[in-house]
Amino acid sequence: PLLGRMTWRAVAGGLEMRIGVLQSRAEVFDAPSNQLRIEIAGRGQVVTFGFPRDGGAASSVTLGGVRFERIEAAN
């Protein structure tokens, strides 16, 4: 709740992240570790996606030590 809602969407063959007024395209940082790199507020950051043990869509993403839980199913 402190940082607001983070959204991810597929755009032009890649992913875009938005949180508040900030947005960034994502690039692969470490695929086996489920990590992408984004650049927000002039600074590069690595985000880590969490997935359910039984597979499926990401259930969480961690940015700057803050874990965001999925609250909506993927469309």
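The values are calculated or read from the model by the stated rules, or taken from the named source; none is laboratory data. Note that the structure is a prediction, hence the values are computed from the model and not measured. Cβ placement follows ideal geometry from the backbone for every residue including glycine, while neighbour counts extend to all protein chains displayed. For accessibility, only protein heavy atoms count, side chains too; no ligands or nucleic acids. Shrake-Rupley method; radii C 1.70, N 1.55, O 1.52, S 1.80 Å.
Accessible area ranking (1.4 Å probe, heavy atoms, ligands and nucleic acids excluded), largest first, for L3, L63: L3, L63.
Dipole size of the chain about its Cα centre, with +1 on Lys/Arg Cβ and -1 on Asp/Glu Cβ: approximately 140 debye, rounded to the nearest 20. For the stretch 1-67, trypsin sites (Lys or Arg not before Pro) meeting the loop criterion (DSSP other than H, G, I, E, B) and having at most 10 other Cβ atoms within 10 Å: R53.
With a Förster radius of 30 Å applied to the beta-carbon distance between R43 and E69, the computed FRET efficiency rounds to 0.80. For F68, the residues whose modelled amide H falls within less than 5 Å of its own, excluding neighbours fewer than 5 places apart on the same chain, are V61, T62, L63.
Among the chymotrypsin sites (Phe, Trp or Tyr not before Pro) within the stretch 1-71, not one is in coil by DSSP while having at most 10 neighbouring Cβ atoms inside 10 Å.
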